[in-house]
Amino acid sequence: MVFGKTTARKYIAITRQAADGIITYSRTKHPNEAILVLQGRSKKDHLLIDRLVIPPFSMSGPYYSGFPIHDLPFDLSYIGTAHSHPGGSNKPSLEDLNHFYGLVSLIISHPYEDDTLGAFDRNGDAIELKILESE
C-alpha cells in the first residue's frame with residue numbers, strides 16, 4: 001500500500017482516545033451511520049491518528065453518511081475519515097470507495113468495539129491498525 005506518491009506505510013496507528021471517540025460517537029448515532037474526519041500526522045513508517053472532527057453539515061441515515069467537503073475548514077492535518085456501518089460488516093462498500101477522502105478510511109461495525117474497527121486504503125485493501133494505549 002502506498003500513501004502519497006513516494007512513501008510506503010506499514011500500518012495505521014490510532015490513539016486510545018481517538019479510537020474511543022469513534023466507538024462512542026458510533027454508538028450515539030446508532031442505528032444511523034456516523035461520520036468523522038480524522039486528524040493526525042505522518043510518522044516514519046506509519047500514519048498516526050490522534051484527533052477527530054465532526055464535519056459541519058454532516059448527514060446520515062441507516063445506510064449512508066456524508067458531508068459537503070467544501071464546507072470543511074482548511075486544515076493540513078486531515079488524513080481521512082471514519083464512519084460506522086450499523087450492520088455486521090466493516091468492509092468498505094463501492095459507495096465508500098467512490099467517496100474516499102484523504103489517505104485512510106476507518107470503518108467500524110456494530111457492536112462498535114475495538115475488534116470491529118478496520119482501516120482501508122482507497123482501493124479497499126485492509127491496512128493493519130494498531131490502537132496505542134499510550135503515545
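Just to be sure I understand, how many residues within the stretch 66-98 are in a loop (DSSP other than H, G, I, E, B) and touching an Asp or Glu at 6+ places or on another chain (Cβ under 7 Å)?
Number satisfying all stated conditions: 1.
Suppose we keep only residues that are touching a helix residue (DSSP H, G or I) at 6+ places or on another chain (Cβ under 9 Å) and surrounded by fewer than 14 Cβ atoms within 10 Å (Cβ to Cβ) within the stretch 90-113. Which one would you say is farthest from Leu76 (Cα to Cα)?
Among those that are touching a helix residue (DSSP H, G or I) at 6+ places or on another chain (Cβ under 9 Å) and surrounded by fewer than 14 Cβ atoms within 10 Å (Cβ to Cβ), it is Pro111.
Please list, ordered by first then second residue, the pairs with beta carbon atoms under 9 Å, 6 or more apart or interchain, first in the stretch 123-135 and within 17 Å of Arg51 (Cβ to Cβ), second assigned to a loop (DSSP other than H, G, I, E, B).
Note: no pairs meet the criteria.
Among the residues of the stretch 50-82, what is the count of those that are more than 22 Å from Asn98 (Cβ to Cβ) and polar (S, T, N, Q)?
Residues flagged as more than 22 Å from Asn98 (Cβ to Cβ) and polar (S, T, N, Q) within the stretch 50-82 amount to 1.
Taking Pro68 and the conditions (1) in contact (Cβ under 8 Å) with a residue 24 or more places away in the chain; (2) surrounded by fewer than 20 Cβ atoms within 10 Å (Cβ to Cβ), which numbered condition does it fall short on, given that it satisfies the others?
Going through the list (1) in contact (Cβ under 8 Å) with a residue 24 or more places away in the chain; (2) surrounded by fewer than 20 Cβ atoms within 10 Å (Cβ to Cβ), Pro68 breaks only (1).
Tyr101 - would you say it is of a type in the set (Phe, Trp, Tyr), within 22 Å of Gly124 (Cα to Cα), in a loop (DSSP other than H, G, I, E, B) and over 12 Å from the mean Cα position of the chain (by Cα)?
no
Tell me which of these Ala119 doesn't satisfy, since it passes every other one: (1) of a type in the set (A, V, I, L, M, F, W, C); (2) in contact (Cβ under 8 Å) with a residue 60 or more places away in the chain; (3) in a loop (DSSP other than H, G, I, E, B).
(3)
Residues are listed down the side, and each one gets a yes or a no for (1) within 13 Å of the chain's Cα centre (by Cα); (2) under 16 Å from Glu113 (Cα atoms); (3) modelled with pLDDT under 95:
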{"position": "Thr7", "(1), (2), (3)": "no, no, yes"}
{"position": "Ile14", "(1), (2), (3)": "yes, yes, no"}
{"position": "Asp20", "(1), (2), (3)": "yes, yes, no"}
{"position": "Ile23", "(1), (2), (3)": "yes, yes, no"}
{"position": "His30", "(1), (2), (3)": "no, yes, no"}
{"position": "Ala34", "(1), (2), (3)": "yes, yes, no"}
{"position": "Gln39", "(1), (2), (3)": "yes, no, no"}
{"position": "Lys44", "(1), (2), (3)": "no, no, yes"}
{"position": "Leu47", "(1), (2), (3)": "yes, no, no"}
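The values are calculated or read from the model by the stated rules, or taken from the named source; none is laboratory data. Source: prediction; values computed, not measured. As a convention, Cβ positions derive from the backbone with ideal geometry for all residues, glycine included, and neighbour counts pool all protein chains shown.
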